[in-house]
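> For reference, the structure I am asking about is given below.
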Amino acid sequence: MLTVMDGQGWNHLMADVEAGKVSRIACWRLDRLGRTASGLTKLFGDLIARKVTLVSVNDGLDLSTPAGRLMANLLASVAQFETEVRRERVMAGQAIARTSGKTWRGSEKGRRVKVSDEQLAVIHRMQAEGSKIAAIGRATGLIRPTIYAHLKPAMAKAG
C-alpha cells in the first residue's frame with residue numbers, strides 16, 4: 001500500500017530532516033501521513049530523536065509535548081483501525097458483487113478514445129502553461145493515460 005511516506009516529496013523532506021534543515025513539520029491530519037500504527041510510531045520516534053516537531057493542524061497536537069505524543073500514538077492506532085475496517089468493507093462489498101455475477105476488468109483492450117481537436121488544443125496549451133495532468137484531465141474530461149499518450153509525440157519532438 002502506497003502511503004505518503006513512500007513518495008518522492010516525502011523522501012526529499014526526510015533527507016532535509018536528516019541533514020538538519022528542518023525543525024518543524026506541519027500536516028493536516030496524522031492519518032494522511034501513514035496508515036499503520038507501527039509506521040507512524042517509528043516516524044514519531046525518528047522526529048523526536050532529531051528534535052523535529054510534528055504539528056497536526058486538524059488533530060490539534062504537537063509532538064513536542066507529552067500530551068501531544070500520547071495523542072499522536074492513540075491517533076496512529078485509530079488510523080490503522082480505520083484502514084483495516086475500510087479494507088474489510090471493500091472485501092465484503094467485492095464478495096457480494098462477485099456472488100451477484102459482477103466483474104470489473106477496466107476498458108476493453110485496444111479501445112481508443114477519440115480526442116477532438118479542441119481537446120488536443122487544450123491539452124497542449126495547458127501543458128505549455130505548466131498545468132498539472134490532473135487539471136488538464138478535469139478541463140478536457142480525459143483520463144491521464146489518454147493525455148499522456150497525446151503528449152508523448154510532442155515531448156519526443158521537443159527532446
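> Is there a residue being within 26 Å of Val85 (Cα to Cα) and free of Cβ contacts under 8 Å to residues at least 12 places away in the same chain anywhere in the range 17-33?
No, because not a single residue in the range 17-33 is within 26 Å of Val85 (Cα to Cα) and free of Cβ contacts under 8 Å to residues at least 12 places away in the same chain.
> From (1) out of contact with any Cys (no Cβ under 7 Å at 6 or more places or on another chain); (2) modelled with pLDDT under 85; (3) of a type outside the set (Val, Ile, Thr), pick out the condition that doesn't hold for Ser23.
Exception for Ser23: condition (2).
> Across the range 75-101, which residue is surrounded by the fewest Cβ atoms within 10 Å (Cβ to Cβ) among those that are of a type outside the set (Asp, Glu) and either in contact with a strand residue (DSSP E or B) (Cβ under 6 Å, 6 or more places away or on another chain) or touching a residue at least 12 places away in the same chain (Cβ under 8 Å) (or both)?
The selected residue is Val78.
> I would also like to ask the following. When you go through Ser64, Ser116 one by one, which is the residue that is under 22 Å from Ser23 (Cα atoms) and among the polar types (S, T, N, Q)?
The unique qualifying residue is Ser64.
> Let me ask something additional. If you check every pair at least six apart or on different chains, which have Cβ atoms under 9 Å apart with a residue in the range 133-156 that is more than 13 Å from Glu118 (Cα to Cα) and surrounded by fewer than 13 Cβ atoms within 10 Å (Cβ to Cβ) first and a residue that is at pLDDT below 90 and of a type in the set (Lys, Arg) second?
Within 9 Å, the pairs are Ala134/Arg144.
> If you take just the helices (runs of 4 or more DSSP H) that sit entirely in the range 32-138, which of them hold at least 2 residues that are within 21 Å of the chain's Cα centre (by Cα) and farther than 21 Å from Gly7 by Cβ?
66-99
> When the residues of the range 6-20 are narrowed to those that are out of contact with any helix residue (DSSP H, G or I) (no Cβ under 6 Å at 6 or more places or on another chain) and surrounded by 14 or more Cβ atoms within 10 Å (Cβ to Cβ), which ends up modelled with the highest pLDDT? Walk me through it before giving the result.
Within the range 6-20, the subset out of contact with any helix residue (DSSP H, G or I) (no Cβ under 6 Å at 6 or more places or on another chain) is 6-9, 11-20.
With the extra rule that they be surrounded by 14 or more Cβ atoms within 10 Å (Cβ to Cβ), the set shrinks to 13-14, 17.
Working: Leu13: 89, Met14: 89, Val17: 92.
Residue satisfying both the conditions and the ranking: Val17.
> Restricting to the range 34-45, count the residues that are farther than 24 Å from Arg87 by Cα and in contact (Cβ under 8 Å) with a residue 24 or more places away in the chain.
Summing the residues that are farther than 24 Å from Arg87 by Cα and in contact (Cβ under 8 Å) with a residue 24 or more places away in the chain in the range 34-45 gives 1.
> Where residues in the range 102-125 are at pLDDT 80 or above and among the β-branched types (Val, Ile, Thr), which of them is surrounded by the most Cβ atoms within 10 Å (Cβ to Cβ)?
The residue in question is Ile123.
> Please enumerate the residues belonging to the range 53-71 that are out of contact with any strand residue (DSSP E or B) (no Cβ under 6 Å at 6 or more places or on another chain), surrounded by 12 or more Cβ atoms within 10 Å (Cβ to Cβ) and aliphatic (A, V, I, L, M).
Hit for the range 53-71 is Leu61, nothing else.
The values are calculated or read from the model by the stated rules, or taken from the named source; none is laboratory data. Just so it is clear, the structure is predicted and the values come from calculations on it, not from any experiment. No Cβ is skipped: glycine too gets one built from the backbone with ideal geometry, and neighbour counts run over all protein chains shown.
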